[in-house]
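First the structure, in the form of structure tokens, and then the observations on it.
Coordinate-derived values only; no laboratory data. These figures come from a predicted structure and were not determined experimentally. With ideal geometry, Cβ positions are generated from the backbone for all residues, glycine too; neighbour counts draw on all protein chains shown.
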Amino acid sequence: MARYRGPKSKIARKLGEPIYGPDKYFEKKNYPPGEQGANKRRKKLSEYGVQLMEKQKAKYTYGILEKQFYNLFAQASRKKGITGENLLQLLESRLDNVVYRIGIAPTRAAARQFVSHKHITVNGSIISIPSYTVKPNDIIGVREKSKSLEAINNSLASARYNKYSWLEWDSDQMAGKFLNIPERSEIPENIKEQLIVELYSK
């Protein structure tokens with residue numbers, strides 16, 4: 001499955017935010033990449049450029065390529081409610097994102113790998129599709145044979161799942177519950193989803 005595997009700090013600098021997490025290189029060079037560095041005079045982005053940048057930020061944050069992202073947007077458009085919020089809720093409901101949020105994996109990229117390598121179960125069944133949509137009250141767990149994996153146990157030690165009200169974790173069972181689809185105000189990502197809607201509406 002195709003995924004962006006290039007320099008992450010370069011993308012973070014281009015978008016102006018450490019979208020892949022704490023990044024010392026980004027903090028040191030908090031300006032867009034380029035030959036002239038911080039001294040380069042940069043043109044003001046057009047309205048289209050601002051909208052495109054926001055879409056790119058969302059794509060790279062959740063690790064999704066263009067076709068898949070557009071399909072999610074089309075799905076969000078068909079649902080009742082606000083399209084931008086629907087889009088973020090669909091992104092948050094992806095299995096790889098839930099595995100990351102709940103703390104089983106330290107990054108979304110690692111979460112995708114855990115899912116693809118059949119370490120993750122949903123309601124007791126092994127699911128190997130990172131884009132699988134998790135529904136309210138689904139139980140997301142670690143496969144029995146995978147519970148001793150050092151990478152998973154190291155990630156769980158950080159107990160990140162306590163941060164999110166829509167997730168519940170049972171340490172004894174090494175399983176979590178997706179309680180409900182989060183409201184927009186609960187989703188911490190700094191994404192201006194309305195700009196993405198405006199971009200696709202042109």
(request) Note down the relative contact order for region 94-180 as a percent, whole number, built from C-alpha pairs under 8 angstrom at least six residues apart. (result) 32 percent
(message) Counting only pairs 8 or more residues apart or on different chains, how many lysine pairs in region 94-180 have their Cα atoms under 22 Å apart?
(response) 9
(request) Using a/c under 1.5 as the rounded threshold, could you call region 94-180 rounded, prolate or oblate? The axes a ≥ b ≥ c are square roots of the C-alpha gyration tensor eigenvalues, and prolate needs a/b larger than b/c, oblate otherwise. (result) rounded
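Take each of the peptides 186-193, 88-95, average the number of other beta-carbon atoms within 10 Å over its residues, and list them starting from the highest.
On the way: 186-193: 15.6, 88-95: 21.9.
Ranking the peptides 186-193, 88-95 by packing returns 88-95, 186-193.
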(request) Pull up all non-local amide H partners of Val142: gap of 5 or more, or a different chain, and H-to-H distance under 5 Å with H placed in the peptide plane. (result) Thr121
(request) Output ³J(HN,Hα) for region 80-91: one whole-Hz value per residue in order, computed from phi by the Karplus curve 6.51 cos²θ - 1.76 cosθ + 1.60 with θ = phi - 60°, and x for Gly and Pro. (result) 5, x, 8, 4, x, 5, 4, 4, 5, 5, 5, 5
(request) Amide H neighbours of Leu167 under 5 Å, at least 5 residues apart or on other chains, H built in the peptide plane: list them. (result) Leu179
(request) With a ≥ b ≥ c taken as the square roots of the eigenvalues of the C-alpha gyration tensor of region 49-202, please select rounded if a/c is under 1.5 and otherwise prolate if a/b is larger than b/c or oblate if it is not? (result) prolate
